[in-house]
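Below is one structure, written out as structure tokens, with a few remarks after it.
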């Protein structure tokens, strides 16, 4: 079976472990590096070909987090990552030693006998206010409320594009900083209303579909420079302005003219 490979984006892992049958290595990083109870811990997982030490794309897997033999997160449904690199946010309430379980079930859309990677991660007690580490949030609130889970394929697509494409350039980082200030000013209210009103949630889902489809372009783009990132970014902005504003405006204008005639 041919393997399609991408360069490893993050070279420094907390742990690099082999699957029990040796087909893949898995690099695991936590954000923050030293997680504490009472906040969100992000598990950044890279699936790596051990022969080339490159990221392997198109992996099907499940993820579970346990404490004292009890599942505190997952097992998830079977998830597909096209990039071979994922970030899974988990809210961890209590301190202690947690055990993660990654079950790999497919490569390049081909099913395979399940291979398992297990790891442990210590979670410290939350430090007193003013001395603790800042826990990085940054969830896709509206998409999560729309599609029902942070691990839905649509939310994973957005997270992978952000972490593996946009944030790899300085212009992308600057854009995300400005975007987050704007986005988080209104997204919590919209996400809350989606959970309360299924009709509104369905409307948001329909509205998001063209945007998600257009962003697929970045999944296949080979972006190696700031100029390319800016070019793709501006093109996608113009495309979405056309889809969400220009086309409806033209349609409304024509409808209005037809009514007058």
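The numbers here are math on the coordinates, done by the rules we state, and not lab data. This one's a predicted model, so the numbers in the text were calculated from it and none came from an experiment. When we count neighbours, we look across all protein chains shown, and the Cβ atoms used for this are built from the backbone with ideal geometry, even at glycine.
What the table below lists for this structure:
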| item | result |
| --- | --- |
| Rg followed by Dmax, in Å, when the chain is reduced to its Cα trace | 20.6, 73 |
| In degrees, nearest ten, helix 226-241 long axis to first principal axis of the chain (Cα) | 50 |
| Ranking of 202, 60 by count of other Cβ atoms within 10 Å, fewest first | 202, 60 |
| Residue exposure sequence - 244, 13, 61 - by fewest surrounding Cβ within 10 Å | 244, 13, 61 |
| Förster-model FRET efficiency, 30 Å R0, residue 203 and residue 170, C-beta, rounded to 0.05 | 0.25 |
| Rounded to 10°, Cα long-axis angle of helix 198-220 versus longest principal axis of the chain | 70 |
| Degrees between helix 170-183 axis and first principal axis of the chain (Cα, 0 to 90, nearest 10) | 70 |
| The stretch 138-261: relative contact order as a whole-number percent, Cα under 8 Å and 6+ apart | 28 |
| Residue 80 paired with residue 52, simple spin-label distance in nm, labels 7 Å along Cα-to-beta-carbon | 2.1 |
| Two-site FRET efficiency, residue 193 against residue 149, from Cβ-Cβ distance with R₀ of 25 Å, rounded to 0.05 | 0.85 |
| Difference of contour (0.36 nm per residue) and Cα-Cα distance, residue 109 to residue 243 | 45.1 nm |
| Cβ-based exposure ranking for 200, 245, in which fewest neighbours within 10 Å come first | 245, 200 |
| Pair residue 71, residue 23: separation of 7 Å Cα→Cβ label points (nm) | 2.2 |
| For the chain, built as a Gaussian network whose Cα springs stay under 10 Å, the top-fluctuating residue of 18, 187, 178 | 178 |
| Helix-derived mean residue ellipticity, 222 nm - over the chain, DSSP H n ≥ 4, -39500 (n - 2.57), to 500 | -12000 deg cm²/dmol |
